[in-house]
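The structure under discussion is supplied below as structure tokens; questions concerning it will follow.
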Amino acid sequence: MARRPGTPRLLRELNDRAALDLLVEQGPLTRAQIGEHTGLSKVTASQLLSRLEDRGLVSVVGEQAGGRGPNAALYAVVPSSAYVAGLEVGPDGVTAGVADITGHITAQVTVDPNGADEPVKVVHNAVVKACRSAKVAVSKLSAFVIGTPGVVDPRSGDVQFSFDLPSWHEGVLAALKTDLRRPVTIENDVNLAAIAERAYGSARDADDFALMWFDRGMGLSVMLGGRLHRGRWGGAGEIGYLPVPGAPLPLGAARRGPRDEQGVTESTTWGIPTLAGGYGALVGADAVRALAHEHGITEDTAFDCVSAAAADEALGGAFLDALANRISYGVTSVNIVLDPGLVVLSGSLGRAGGRPLATRIERIVGRISPTRPEVAVTEVEGNPVLRGALHAALQQARDDVFSADGAA
């Protein structure tokens, strides 16, 4: 039976969800404090808490001393009412985390695939290991969100192409759902980093921003109106293919699938470029390390080169100038097309460059672009892809568990 706006049942559901979200965000609260924050009367707040206690979603965790009269009971969300898993899958390993419904991360493990390239087996083993560490049964997990490099079809949610993970392709989503027997979401890893940045980092609460990811490779995520922009085929953000001065064209980067009877292309298949080119050829780790060596910074890795340069202006200033000039090609292109107002540098190289690199990029883009965006450095602690995956999984789980029909 359809529910009508304003019915007592709907109002109870809205009040319950508002109270649960409040308790998650602000921690233990008294009945009076819940009423103050939500505008509910003492009677309504009491009825609400009784319902949530009956469902096993909240419990009394202490007392708060007041003035006259007995101490007030402090209520909090029951952490064990649900758990979620988030994973970052890369060519060299899988990092899995388990969090309870409050967002507390109870376990985080990294698993070496040991040469195995079967997505289901690799993910399953990582999840089992994380659950054992958290002392949580796999059956207790309410949602899984998995971050991978490459293109994810926004319509099907399935992987279309991943250069670094050739075994991750169309059909892997269904296989994972069958194995894990729970809702599974696959998301581009840089998109998850952007989700984490908006929730916990320098783009906190920003509706419009772009995140530029500089690591072994590079990528882009765009948030517009508080929502990720994935593009028609899921290819939004594949900025490594952007043609730029000083790099060969990335020929053979993609090709369209066959047309249907009406001449409409229904799918896109992604191919491997026939040569290394485009923006990624200028700002990937190998190129950054080579550029640093040209400027006399001879650390073994790109990360160490950028870190050394950012720590010593006299030693690394010229290198940072050259690197900022390269990075500005991509940042300027994004800024001219989207005008996001804020661009966040993330990934290990973006973090290593810090403010010395960000300031240079902002200055260059401001000179060659009609608007000057703020260029910030990531503030997400820990693994940003994993943090984004867990955050997305928590949103899904809370929508389910906190709903009227999702009693624990």
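The values are calculated or read from the model by the stated rules, or taken from the named source; none is laboratory data. A quick note: this is a predicted structure, and the numbers were derived from the prediction, not measured. Cβ coordinates were reconstructed from backbone atoms using ideal geometry, including for glycine residues, and neighbour counts include every protein chain displayed. Just the protein is used for accessible areas: all its heavy atoms, side chains included, with ligands, DNA and RNA removed. Shrake-Rupley method; radii C 1.70, N 1.55, O 1.52, S 1.80 Å.
Counting only residues that are under 12 Å from His229 (Cα atoms) and either outside any helix (DSSP H, G or I) or touching an Asp or Glu at 6+ places or on another chain (Cβ under 6 Å) (or both), how many does the range 177-198 have?
Residues in the range 177-198 being under 12 Å from His229 (Cα atoms) and either outside any helix (DSSP H, G or I) or touching an Asp or Glu at 6+ places or on another chain (Cβ under 6 Å) (or both): 1 in total.
Take the residues in the range 215-227 that are under 22 Å from Trp168 (Cα atoms), of a type outside the set (S, T, N, Q) and in a strand (DSSP E or B), then tell me which one is most open to solvent (accessible area, probe 1.4 Å). Break it down into steps so the answer makes sense when it comes.
Keep residues of the range 215-227 that are under 22 Å from Trp168 (Cα atoms), which gives 215-221.
Within this subset, residues satisfying the condition of being of a type outside the set (S, T, N, Q) are 215-220.
If we keep only those that are in a strand (DSSP E or B) too, we end up with 218-220.
Details: Met218: 37, Gly219: 6, Leu220: 18 Å².
Selected residue: Met218.
Which of (1) open to solvent by less than 30 Å² (accessible area, probe 1.4 Å); (2) over 15 Å from His391 (Cα atoms); (3) out of contact with any helix residue (DSSP H, G or I) (no Cβ under 7 Å at 6 or more places or on another chain); (4) at pLDDT 90 or above is the odd one out, the single condition Val109 does not satisfy?
In the conditions (1) open to solvent by less than 30 Å² (accessible area, probe 1.4 Å); (2) over 15 Å from His391 (Cα atoms); (3) out of contact with any helix residue (DSSP H, G or I) (no Cβ under 7 Å at 6 or more places or on another chain); (4) at pLDDT 90 or above, Val109 misses (3) alone.
Does Ser348 satisfy being touching a residue at least 40 places away in the same chain (Cβ under 8 Å), in a helix (DSSP H, G or I), within 16 Å of Ala287 (Cβ to Cβ) and out of contact with any Phe, Trp or Tyr (no Cβ under 8 Å at 6 or more places or on another chain)?
Working: touching a residue at least 40 places away in the same chain (Cβ under 8 Å): yes; in a helix (DSSP H, G or I): yes; within 16 Å of Ala287 (Cβ to Cβ): yes; out of contact with any Phe, Trp or Tyr (no Cβ under 8 Å at 6 or more places or on another chain): no.
For Ser348, the condition - touching a residue at least 40 places away in the same chain (Cβ under 8 Å), in a helix (DSSP H, G or I), within 16 Å of Ala287 (Cβ to Cβ) and out of contact with any Phe, Trp or Tyr (no Cβ under 8 Å at 6 or more places or on another chain) - is not met.
Let me ask you something else. Restricting attention to the range 340-349, does a residue exist that is surrounded by fewer than 22 Cβ atoms within 10 Å (Cβ to Cβ), farther than 29 Å from Gly226 by Cβ and among the hydrophobic types (A, V, I, L, M, F, W, C)?
No, every residue in the range 340-349 fails to be surrounded by fewer than 22 Cβ atoms within 10 Å (Cβ to Cβ), farther than 29 Å from Gly226 by Cβ and among the hydrophobic types (A, V, I, L, M, F, W, C).
Sticking with this structure for a sec: When the range 201-219 is examined, which residues are found to be under 25 Å from Phe303 (Cβ atoms), modelled with pLDDT of 95 or more and out of contact with any Phe, Trp or Tyr (no Cβ under 7 Å at 6 or more places or on another chain)?
Listed by number, the residues that qualify are Gly201, Ser202, Phe209, Ala210, Leu211, Met212, Trp213, Phe214.
Related question: Looking at the range 173-206, which of the residues that are hydroxyl-bearing (Ser, Thr, Tyr) and open to solvent by 60 Å² or more (accessible area, probe 1.4 Å) is farthest from Pro340 (Cα to Cα)?
By that ranking, first place goes to Thr178.
Which condition number does Ala253 fail, the rest of (1) surrounded by 17 or more Cβ atoms within 10 Å (Cβ to Cβ); (2) aliphatic (A, V, I, L, M); (3) at pLDDT 90 or above being met?
(3)
On to the next question. Across the range 377-399, which residue is nearest to Ser142 (Cα to Cα) among those that are open to solvent by less than 10 Å² (accessible area, probe 1.4 Å) and among the small types (Gly, Ala, Ser)?
Ala397
Where residues in the range 287-318 are over 18 Å from Phe214 (Cα atoms), part of a helix (DSSP H, G or I) and charged (D, E, K, R), which of them is least open to solvent (accessible area, probe 1.4 Å)?
So, considering only residues that are over 18 Å from Phe214 (Cα atoms), part of a helix (DSSP H, G or I) and charged (D, E, K, R), the one least open to solvent (accessible area, probe 1.4 Å) is Glu313.
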